[in-house]
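One structure is given below, encoded as structure tokens.
The values are calculated or read from the model by the stated rules, or taken from the named source; none is laboratory data. Small disclaimer: the values here were computed from a predicted structure and weren't measured. Quick reminder, even Gly has a Cβ in these numbers, built from the backbone with ideal geometry, and neighbours come from all protein chains shown. When the accessible area is computed, the model is the full protein with side chains, heavy atoms only, and any ligands, DNA or RNA have been set aside. Shrake-Rupley method; radii C 1.70, N 1.55, O 1.52, S 1.80 Å.
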Amino acid sequence: LAPLRQPWKSPGEPQAPFFLPTPRWPVECEVIQEKIEHIEWVPPKPEPFCPPMGPEQALYTLSEEQGTITPTTVPAPPTVLQGSCFTGARVGGAPGLLSSPAAPLEGPQDTTLLFESRFESGNLQKAIKVGPYEYVLMLRPDLYTAKHTQWFYFRVQNTRQEPLYRFTIANMAKPKSLYGQGLQPLLYSQRDAQSCGIGWRRVGTDVRYSRGSAGEPPLFRLSWTVRFPHDSDMCFFAACYPYTYSDLQRYLCTLAADPARSRYCTVQALCHSLAGNPVPLLTITSPGGMAGKRVVVASARVHPGESGGSWAMRGFLDFLLSAHADARLLRRLFVFKVVPMLNPDGVVVGNSRCSLAGRDPNRAYGMALPGSFPGVWHLRAMVQRVLAEREVVLYCDFHGHSRKNNVFMYGCDAGRDGTGTRLHQRVFPLMLSKNAPDKFSFSSCKFQVQKSKERTGRVSMWHLGVSHSYTLEVAFSGSTLGERSSHFSVQDLESLGRLLCDTLLDFCDPAPAKLQQCLVEAGALLQRQMGREPGSGGSWSDVSPSELESSTSGSDSSVSDG
């Protein structure tokens, strides 16, 4: 950890070697020794959404104790032992021998699948075999909570190629999901990766999302059928393309080892997480000083289950650190402060939303709790320090969304500013929609500042004085815009980072033509929303944000957020 802890020199000066820190886990977590890595692959053509199916009928009661589930219970390895709060962490997690991952197979003819999730970002609590090729799965809630079940990532072995398998995740937390609109799970076959170079791909027929248990809070069921590509394969399922803390560390090591890119990128530890994992901070600008430069701040993965945000962030960094003329111009104009993984502990243990404090860190900005929420506390403190010296022209927090298609933004319009300022809030997302017409939906953007969102990164930075503060929401599914009706690939997600950079140059163009055009267009769109004729005038000062947009389709908060 020494290179992350030492004081770093200014951009352009030689850096000390960057060492790869080994992730630290809570002491309750069992962790297998195998190293899980996946190849990157882009499908040769877009993967279309599957036809939406109606809600399924429950064919059995999900209760082992009642004896209605037969014939075999296959416990997935216990990801964490019983505990009410975080007490400590160590490399490798729980000391001692691992518990048995499953009941032993009875012989070569035994077709029972073997489940495993005791690896980075893995999440599966148990699997129950309810038929020859049918399994009911239970996800582990976020550590030290009893809720937030959405992200999943687990491994299966002992597959058979011919049978049609059905998997049902029985404890999803949200009442609505894109799985009801054509989203499919992801599958990764180890044999296909090794022999054909094929990585993650969308699979699943008869995908259904419906209400399950009638308890409080209610739980929901995600069900799909699938055929495995090979006998005796090792396969993985995931809700979105995994991007682990170790993936990020490998990426940062590659940057540090590149003599060209390391000239204008330094890596420091913003702070250390509750488990002691460094939270990396990248400073990117051209060599030769920072005088007169404005600042752009970007962050991602405050919610660990929203891995699409990490892929968009990687595209953002790849472009900023490239030799492209626009990237060189951006580095000359701005200082970029980037925190690519705000909640590394949550990513390591496979949480959906929370940190090891058992709470959503994106509801903790502005709280005087640096010991409980170090990542967001130190990010906010850093922005405060920067604002004392120079202008922060933009803050963007990268997220994922499970209920709305496409890419969109949330901004800040409290309704108390003049017409020009309120329209200006909408210009950056409008420009991004023009640069990414097949991915970004301006009509899905929202700007209302709700009281429940006062302690989010977006609103907190805006209150500090960052006039253009946004949340970038990337759908778990894909795009319905233009000619598209297909899932996002990793390439699509990475392209968002480049498009964000293009839009920043448009937004800060000293020639006013683009800005003026978008201000006029944004004004006309708002006039139509209010039922007014474009150009009819009228005061905006008495129009509240709630009159301009519905408040029912905001951020992707869990229904059980406090």
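Among rounded, prolate and oblate, which fits the stretch 161-265 when a ≥ b ≥ c are the square roots of the eigenvalues of its C-alpha gyration tensor, a/c under 1.5 means rounded, and a/b larger than b/c means prolate?
Judged from the Cα gyration tensor, the stretch 161-265 comes out oblate (a/c at least 1.5, b/c at or above a/b).
Suppose each label sits 7 Å from its Cα in the direction of the beta carbon; what would the residue 467-residue 294 distance come out to in nanometres?
About 0.8 nm, to one decimal.
Students sometimes get this wrong: rank 147, 45 by accessible area, probe 1.4 Å, all chains present, largest first.
If we order 147, 45 from most to least accessible, we get 45, 147.
What are the semi-axes of the equivalent ellipsoid of the stretch 102-176, taken as the square roots of 5 times the eigenvalues of the Cα gyration tensor, listed largest first and rounded to whole Å?
Working: eigenvalues 124, 40, 20 Å².
The answer is 25, 14, 10 Å, longest axis first.
Sequence gap at least 6, Cα distance under 8 Å: using those rules, report the relative contact order of the stretch 245-530 to the nearest whole percent. Could you put the intermediate results ahead of the total?
Working: 547 pairs, mean separation 61.3, N = 286.
Normalised by residue count, the contact order of the stretch 245-530 is 21 percent.
P(r) for the stretch 323-393, please, calculated from all Cα pair distances in 5 Å bins and given in %.
In whole percents, the pair-distance histogram is 3, 15, 20, 17, 14, 12, 11, 7, 1.
Sorting check: for 157-166, 228-237, which peptide has the highest mean count of neighbouring beta carbons within 10 Å, and how do the rest follow? Mind showing how you got there, number by number?
Working: 157-166: 15.2, 228-237: 17.8.
Per-residue Cβ counts within 10 Å, averaged per peptide and sorted highest first, yield 228-237, 157-166.
Quick one: which of 325-333, 435-443 comes out on top by average Cβ neighbours within 10 Å, and what's the full order, highest first?
Packing proxy ranking, top to bottom: 435-443, 325-333.
Determine the gain in length on full extension of the stretch residue 33-residue 45; use 0.36 nm per residue of separation and subtract their C-alpha separation, reporting nm with one decimal.
0.7 nm
Can you tell me which of 136-142, 347-353, 286-292 comes out highest on packing, and rank the rest after it, using the mean Cβ neighbours within 10 Å?
Most protected by this proxy first, the peptides run 347-353, 136-142, 286-292.
Provide the per residue accessible area, probe 1.4 Å, for the stretch 245-530, rounded to a whole number of square angstrom. Let's see the in-between values first.
On the way: 9070 Å² over 286 residues.
Using a 1.4 Å probe on heavy atoms only, each residue of the stretch 245-530 averages 32 Å².
Straight-line reach from residue 293: which lysines have Cα under 25 Å away, leaving out those fewer than 8 places along the same chain?
Correct list for residue 293: 9, 337, 514.
Can you list the lysines whose alpha carbon sits under 29 Å from that of residue 35, skipping same-chain ones fewer than 8 residues off?
Reachable lysines: 126, 129, 147.
Kindly report, to the nearest 10 Å², the accessible surface of residue 421 as traced by a 1.4 Å probe over protein heavy atoms only.
70 Å²
Among 367, 327, 481, whose Cα projects farthest towards the positive end of the dipole of the stretch 245-530, with charges put on the beta-carbon of Lys, Arg (+1) and Asp, Glu (-1)?
367
How big is the Kirkwood radius of the stretch 346-475, worked out from every pair of different alpha carbons and given in Å to one decimal?
Kirkwood radius, the stretch 346-475: 15.7 Å.
Hey, any idea what % of the stretch 245-530's accessible area is carbon plus sulfur with a 1.4 Å probe?
51 percent
Please give, to one decimal in nm, the separation of the simple spin-label points placed at residue 325 and residue 367, each 7 Å out from Cα toward the Cβ.
Label-label distance for residue 325 and residue 367, simple model: 4.9 nm.
Could you calculate the contour length gain from residue 90 to residue 451, that is, 0.36 nm times the residue separation minus the distance between their Cα atoms, to one decimal place in nm?
126.1 nm
Rounded, prolate or oblate: which fits the stretch 245-530 when a ≥ b ≥ c are the square roots of the eigenvalues of the alpha-carbon gyration tensor, with rounded for a/c under 1.5 and prolate only if a/b beats b/c?
Working: a/c = 1.31, a/b = 1.21, b/c = 1.09.
Here the stretch 245-530 falls in the rounded category.
As a test of reading the structure, rank 449, 267 by solvent-accessible area (1.4 Å probe, protein chains only), most first.
449, 267
For the stretch 245-530, give the share of DSSP beta bridges that are antiparallel, in percent and rounded to the nearest 5; count only bridges with both residues there.
Of the beta bridges lying entirely in the stretch 245-530, close to 40 percent run antiparallel.
Can you give me the distance in nm between label points at residue 194 and residue 438, each placed 7 Å from the Cα along the Cα-to-Cβ direction?
Simple spin-label model gives 3.6 nm for this pair.
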